[in-house]
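Asks: One structure follows; several queries about it will come next.
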Amino acid sequence: MAMHIKLDSKQELLARLRRLRRGRGVTLFEVLIVVAILAMVASGVAVFALPKYREAQIKTAESGARTMRMAVQGWQQANNETSCPTVSQLIQDKQIDTGTQTNDPWGQSYSFNCTDDEITVTSMGPDKKKGTKDDISIPKAAAAPADQP
C-alpha cells in the first residue's frame, strides 16, 4: 500500500507539472519570433513612407517660400521699397504672423533676393548647402538660368 501512495503522488505531481507548463506563458523563442516579424513590418513601412515624407518636406518648403514671398511683396508695397526686408521686419510690420514658420522643414532660414522687378525666396533644401541641385526657389523660373552654362 505504501508503494501505491508513492505512485499516486508521483502521478499527481506529473499531472500538476503538465498543467503548470500549459499556463506558464510564452517562451523566449516565441517572443523573438514576434519581435523579428514586427521589425520586418516596420522596415517595410519605412521603405514606403520615407520617400513620401521627403516629398512632403519639399512641398512644405515650397509652400513656406511662397508665403514668405507674398509677405515680402506686401512689405515692399506697404513701405514703397524695392529692398528686401528681414524676417523680423516682416513680423514687426505684421506682414507675417508670429506663429508663422519662418524656417524651412530642415531648420534653415529662407533667403530673400530682391531686384527691381522680382523677389526670389530660396531654401537650401535637404542637404542644407547653398547653390546645390536640391535648392528650392520660388518662383521656380529664377532657379532655371543658374543650371544652364
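Asks: Can you name the residue in the range 86-119 that is crowded, with 18+ Cβ neighbours inside 10 Å and free of Cβ contacts under 8 Å to residues at least 24 places away in the same chain and is also farthest from Ala65 (Cα to Cα) among such residues?
Replies: Among those that are crowded, with 18+ Cβ neighbours inside 10 Å and free of Cβ contacts under 8 Å to residues at least 24 places away in the same chain, it is Leu90.
Asks: Identify the residue in the range 67-85 that is among the polar types (S, T, N, Q) and surrounded by 13 or more Cβ atoms within 10 Å (Cβ to Cβ) and, among all such residues, is nearest to Asp135 (Cα to Cα). Steps first, please.
Replies: Filtering the range 67-85 down to residues among the polar types (S, T, N, Q) leaves 67, 73, 76-77, 79-80, 82-83.
The next check asks that each one be surrounded by 13 or more Cβ atoms within 10 Å (Cβ to Cβ); those that pass are 67, 73, 76, 79.
On the way: Thr67: 17, Gln73: 21, Gln76: 25, Asn79: 29 Å.
Here the answer is Thr67.
Asks: Something else: Which number in (1) loosely packed, with under 11 Cβ neighbours inside 10 Å; (2) under 30 Å from Ile96 (Cα atoms) marks the one condition that Ser43 misses?
Replies: Ser43 satisfies all of (1) loosely packed, with under 11 Cβ neighbours inside 10 Å; (2) under 30 Å from Ile96 (Cα atoms) except (2).
Asks: Looking at the range 57-85 only, could you name the residues that are free of Cβ contacts under 8 Å to residues at least 12 places away in the same chain and not acidic (Asp, Glu)? Even if it seems obvious, please write down each step before you answer.
Replies: Going residue by residue through the range 57-85, those that are free of Cβ contacts under 8 Å to residues at least 12 places away in the same chain are 59, 63, 70, 77, 80-81.
Correct list: Lys59, Ser63, Met70, Gln77, Asn80.
Asks: Can you pull out the residues in the range 15-57 that are assigned to a helix (DSSP H, G or I), more than 30 Å from Lys128 (Cα to Cα) and not aliphatic (A, V, I, L, M)? Show your work before the answer.
Replies: Residues of the range 15-57 that are assigned to a helix (DSSP H, G or I), as a first pass: 15-22, 28-57.
Narrowing further to those that are more than 30 Å from Lys128 (Cα to Cα): 15-22, 28-41.
Scanning the range 15-57 gives Arg16, Arg18, Arg19, Arg21, Arg22, Phe29, Glu30.
Asks: Also, quick follow-up: Residue check, Gln95 against (1) at pLDDT below 90; (2) in contact with a helix residue (DSSP H, G or I) (Cβ under 6 Å, 6 or more places away or on another chain); (3) under 30 Å from Leu50 (Cα atoms), all met but one. Which one?
Replies: So Gln95 meets the others, but not (3).
Asks: Would it be correct to say that Ala71 is at pLDDT 90 or above and in contact with a Leu (Cβ under 6 Å, 6 or more places away or on another chain)? Give the derivation first.
Replies: Working: at pLDDT 90 or above: yes; in contact with a Leu (Cβ under 6 Å, 6 or more places away or on another chain): yes.
Answer is yes for this residue.
The values are calculated or read from the model by the stated rules, or taken from the named source; none is laboratory data. Since the structure is predicted, the reported quantities are computational estimates derived from the model, not experimental observations. Methodologically, a virtual Cβ is constructed for each residue, glycine included, from the backbone with ideal geometry; neighbour enumeration extends over all protein chains shown.
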